[in-house]
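Input: a single structure, listed below in structure tokens.
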Amino acid sequence: MKTAAWPVKSGSGFRIRKLTISPPLLLAPMAGLTHSAFRTILMRLGGVGLLSTEMLSARTLPSENSSISPFLLRTREEYPLSYQLLIADKNQLAPAIDRLHQLGADAIDLNLGCPAPRVRKFGGGSKLADDPHRLQQLVAEARRLTALPLTAKIRLGETLNEERLYNFCRLLEGEGIDLLTVHARLRKEPFCRKPRWQWVGKVKKWLTIPVIANGGVFSVDDGRRCLEISGADGLMLGRGAIICPWLFHEAAKALYDCDLPELDIDRPSLYFSFIDLLEERFRPERRLGRLKEFTHYFSRNYPFGLHLAMAVQNSKSITEARERALTFFAGKS
Ligand SMILES: Cc1cc2nc3c(=O)[nH]c(=O)nc-3n(C[C@H](O)[C@H](O)[C@H](O)COP(=O)(O)O)c2cc1C
């Protein structure tokens, strides 16, 4: 069994199948953001228990070229890594899961919460929750096809309806899901809305598998309050970790007593390391968009960060973006 490289207090993590998740701090799947370059930055800072890809279409996954696809590129450093599947059709499961086995996935996550209309139109993401029979068949088939940890990520549903949510979660557990992440918002609620962490607490009481709370954790204090309110077995961090990639490190130390080395964060250096990784790993046409996405969040570390975000947003090349960022940081230090 492989374990995390840093010592942790006993009880500050758990095992699903053969995978130890310690500390129980998970990276949220985020389109355009949770790729190899960003995951590498996180691994170097420490404190992550489980990394994630962004959502991967089960339909196109089997034909993606893993040596150049920005969705599939991965280095050995990025461990453990969960691959998130966006699935609408049961028939797409076997080839997609087969591919994930070949790619060396450490866990497979089913996206059952995505509210995007284009995803729902094809019957995927949160749309699957509308049809318990189809959902049950799909999850049962996924379970049959893999011995890897199989997890799911959900939102709270269309409206606050305890019975419906209970049935949904129990169905998932009953069909063999090993861990459930609950993004504590209803389907139509925007990311700026206060998350309903107490509803994660309800789910936690209903299930025996680990339940992870997600949504609105931007600091160690948020994480502590979320754990207190929800009683969850761990946290999944999304935008908070893009803004402050060192949030995992801080949370691992403060919430789980992980023995990690002191960090001396130099934000410009971190930013330029990220650009270096983009240049090292991705083809030229795949770099700038990803830098813009990251900068949109990372710039929030600065009172005048909007200037950084705009400067990068308006850049025509990664070289130009780098120069503009240099100018911005020079004015800050
Ligand atoms: C830019 C962006 C892309 C996202 N992409 C995905 C995705 O691919 N799969 C998924 O399950 N959730 C996705 N999400 C939702 C996040 O995983 C997470 O549930 C949400 O951001 C709330 O967590 P946070 O408040 O910690 O950011 C995305 C969110 C954002 C902001």
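The values are calculated or read from the model by the stated rules, or taken from the named source; none is laboratory data. Nothing here was measured: the structure is a model prediction, and the numbers come from that model. We place every Cβ from the backbone using ideal geometry, glycine too, and count neighbours over all the protein chains shown.
Kindly indicate the residue of the stretch 199-242 that is within 14 Å of the ligand (Cβ to nearest atom) and in a strand (DSSP E or B) and also nearest to residue 13 (Cα to Cα) among those meeting that condition.
Filtering first and then ranking leaves 234.
Restricting the search to the stretch 245-272, which residues are among the hydrophobic types (A, V, I, L, M, F, W, C), part of a loop (DSSP other than H, G, I, E, B) and crowded, with 23+ Cβ neighbours inside 10 Å?
258
Within the stretch 37-74, which residues are free of Cβ contacts under 8 Å to residues at least 60 places away in the same chain and part of a loop (DSSP other than H, G, I, E, B)?
If the condition is that a residue be free of Cβ contacts under 8 Å to residues at least 60 places away in the same chain and part of a loop (DSSP other than H, G, I, E, B), then 58, 59, 60, 64, 65, 66, 67, 69, 71, 72, 74 are the ones that fit.
Any chance you could count how many residues in the stretch 26-35 are more than 8 Å from the ligand (Cβ to nearest atom) and either among the aliphatic types (A, V, I, L, M) or more than 16 Å from residue 288 (Cβ to Cβ) (or both)?
Matching residues across the stretch 26-35 total 2.
I need every pair where a residue in the stretch 11-36 that is on the phi > 0 side of the Ramachandran plot has its Cβ under 8 Å from the Cβ of a residue that is near the ligand (Cβ under 9 Å from one of its atoms) and modelled with pLDDT of 95 or more, sequence separation at least 6 or different chains.
32/54; 32/293
State yes or no: is residue 145 in contact (Cβ under 8 Å) with a residue 24 or more places away in the chain and within 13 Å of the ligand (Cβ to nearest atom)?
Judged against the criteria, residue 145 is not a match.
Condition first: part of a helix (DSSP H, G or I) and either free of Cβ contacts under 8 Å to residues at least 24 places away in the same chain or touching a helix residue (DSSP H, G or I) at 6+ places or on another chain (Cβ under 6 Å) (or both). Can you find one or more residues in the stretch 182-198 that meet it?
Scanning the stretch 182-198 turns up at least one residue that is part of a helix (DSSP H, G or I) and either free of Cβ contacts under 8 Å to residues at least 24 places away in the same chain or touching a helix residue (DSSP H, G or I) at 6+ places or on another chain (Cβ under 6 Å) (or both).
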